[in-house]
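To start, the structure under review is shown below, and the notes come after it.
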Amino acid sequence: MSIIIFIIALLTWFILGYYGFKFWWTKDMDFTMADKGFALYLSIMGPLTWIMGAIIHCNGDDSDQVVTPRKKRR
């Protein structure tokens with residue numbers, strides 16, 4: 001039973017890493033077939049790809065980001 005839990009945790013780790021890389025990579029560039037190998041390689045970092053992606057791709061100046069859009073006037 002513990003082997004199954006370990007395998008599920010390992011798969012979850014790699015999936016979070018893959019999609020974290022893909023999410024942050026597509027903020028600035030297109031995700032092509034050539035990038036899939038690099039994404040699979042970096043999926044070893046797991047959920048850390050979300051943190052590293054935020055550090056690399058966020059400039060820290062989110063003051064112009066709209067949190068709640070204005071209501072449209074008629």
(Q) I need the P(r) histogram for region 2-57: all alpha carbon pairs, bin width 5 Å from 0 out to the longest distance, whole percents. (A) 4, 22, 27, 22, 12, 7, 4, 1, 0
Q) Sorted from fewest to most neighbouring beta carbons within 10 Å, what does the list T26, T32 look like? A) T32, T26
Q: Work out how much length T26 to N59 would gain on full extension: take 0.36 nm times their residue separation and subtract the Cα-Cα distance, in nm to one decimal.
A: 10.3 nm
(Q) Less than 18 Å apart at the alpha-carbon level, and either on another chain or at least 8 residues along: which lysines does that give for K27? (A) K36
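Readers should treat all values here as calculations from the given coordinates under stated rules, not as data from a laboratory. Predicted model only: the values in this text are computed from it and were never measured. Cβ atoms come from the backbone with ideal geometry, glycine included; neighbour counts cover every protein chain shown.
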